[in-house]
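S.K.: Shown below is the structure under consideration.
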Amino acid sequence: MTNRKIVQLLHVQRDNRVFADMVDDEDNPCLSCGACCQHFRVSMYMGEMASSPGGTVPDELVSAVNPVIVCMKGTEAGNGRCVARRGVVGKPGIRCEIYKLRPTPCREYRVWLEDGTPNPDCQRLRKNIELLPLKPRSAVPGVGEL
């Protein structure tokens with residue numbers, strides 16, 4: 001067994017969705033990447049807006065897609081910079097301005113899969129911005145930790 005630090009915490013929701021939280025330190029590869037923040041359209045149900053009961057995403061950061069779906073501004077067509085992203089993609093210090101309030105698609109996006117292998121989408125996006133691929137991580141004893 002390796003003595004690696006926990007980097008990704010997984011939280012199983014009541015409806016069985018799994019949310020991922022990344023640690024805020026030098027072992028978090030997201031803090032020097034951010035490619036996903038400029039690749040995907042981040043769409044969500046409008047109930048995730050802060051103006052809805054239980055919603056968290058600031059209303060001023062979303063655009064309407066249709067009467068019930070919104071997306072993060074900047075990601076409307078895909079391959080656009082999310083308005084909540086700060087920093088330069090592929091450089092140290094990149095971060096999400098609303099990390100604790102981020103929408104479900106961002107919470108569900110995992111860097112490593114359950115078996116410790118890197119997310120293939122993450123690997124592809126890292127390659128596109130000329131970052132080294134991530135290495136697999138050994139599963140850590142205890143549910144939800146990588």
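S.K.: Can you find even one residue in the range 23-32 that is more than 29 Å from Glu130 (Cα to Cα), out of contact with any His (no Cβ under 7 Å at 6 or more places or on another chain) and touching a residue at least 60 places away in the same chain (Cβ under 8 Å)?
M.R.: For the range 23-32, residues more than 29 Å from Glu130 (Cα to Cα), out of contact with any His (no Cβ under 7 Å at 6 or more places or on another chain) and touching a residue at least 60 places away in the same chain (Cβ under 8 Å): absent.
S.K.: Here is a further query. Name the residue that is surrounded by the fewest Cβ atoms within 10 Å (Cβ to Cβ), counting only residues in the range 85-126 that are assigned to a loop (DSSP other than H, G, I, E, B) and hydroxyl-bearing (Ser, Thr, Tyr).
M.R.: Across the range 85-126, the extreme among qualifying residues is Thr117.
S.K.: Then there is this: Select from the range 25-46 the residues that are more than 17 Å from Arg126 (Cβ to Cβ) and surrounded by 13 or more Cβ atoms within 10 Å (Cβ to Cβ) and list them in ascending order.
M.R.: Result: Arg41, Val42, Ser43, Met44, Tyr45, Met46.
S.K.: Another one. So if I check each of Tyr109, Tyr99, which one is of a type in the set (Phe, Trp, Tyr) and in contact with a Cys (Cβ under 7 Å, 6 or more places away or on another chain)?
M.R.: Result: Tyr109 is the single residue among Tyr109, Tyr99 that is of a type in the set (Phe, Trp, Tyr) and in contact with a Cys (Cβ under 7 Å, 6 or more places away or on another chain).
S.K.: Would you please list the contacts, defined by Cβ atoms under 9 Å and residues six or more apart or on different chains, that run from a residue in the range 125-137 that is more than 15 Å from Ile94 (Cβ to Cβ) to a residue that is polar (S, T, N, Q) and part of a helix (DSSP H, G or I)?
M.R.: Filtered contacts from the range 125-137: Pro133/Gln123; Leu134/Gln123.
S.K.: For the range 1-17: of the residues being surrounded by fewer than 15 Cβ atoms within 10 Å (Cβ to Cβ) and either within 12 Å of Trp112 (Cβ to Cβ) or under 12 Å from the mean Cα position of the chain (by Cα) (or both), which is modelled with the lowest pLDDT?
M.R.: Result: Arg4.
S.K.: Using the structure shown, decide if Asp115 is among the acidic types (Asp, Glu) and at pLDDT 95 or above.
M.R.: no
S.K.: Separate question: Can you name the number of the only condition in (1) assigned to a loop (DSSP other than H, G, I, E, B); (2) touching a Ser or Thr at 6+ places or on another chain (Cβ under 6 Å); (3) in contact (Cβ under 8 Å) with a residue 60 or more places away in the chain that Arg41 fails?
M.R.: (3)
S.K.: Pairs please, first residue from the range 54-71 and at pLDDT 95 or above and part of a strand (DSSP E or B), second anywhere and loosely packed, with under 12 Cβ neighbours inside 10 Å and not polar (S, T, N, Q), Cβ atoms under 9 Å, 6+ apart in sequence or on different chains.
M.R.: Every condition considered, the pairs that remain are Val70/Ala64; Cys71/Ala64.
The values are calculated or read from the model by the stated rules, or taken from the named source; none is laboratory data. Not measured: the values here are computed from a predicted model. Cβ sites come from the backbone with ideal geometry, for glycine too, and all protein chains shown count toward neighbours.
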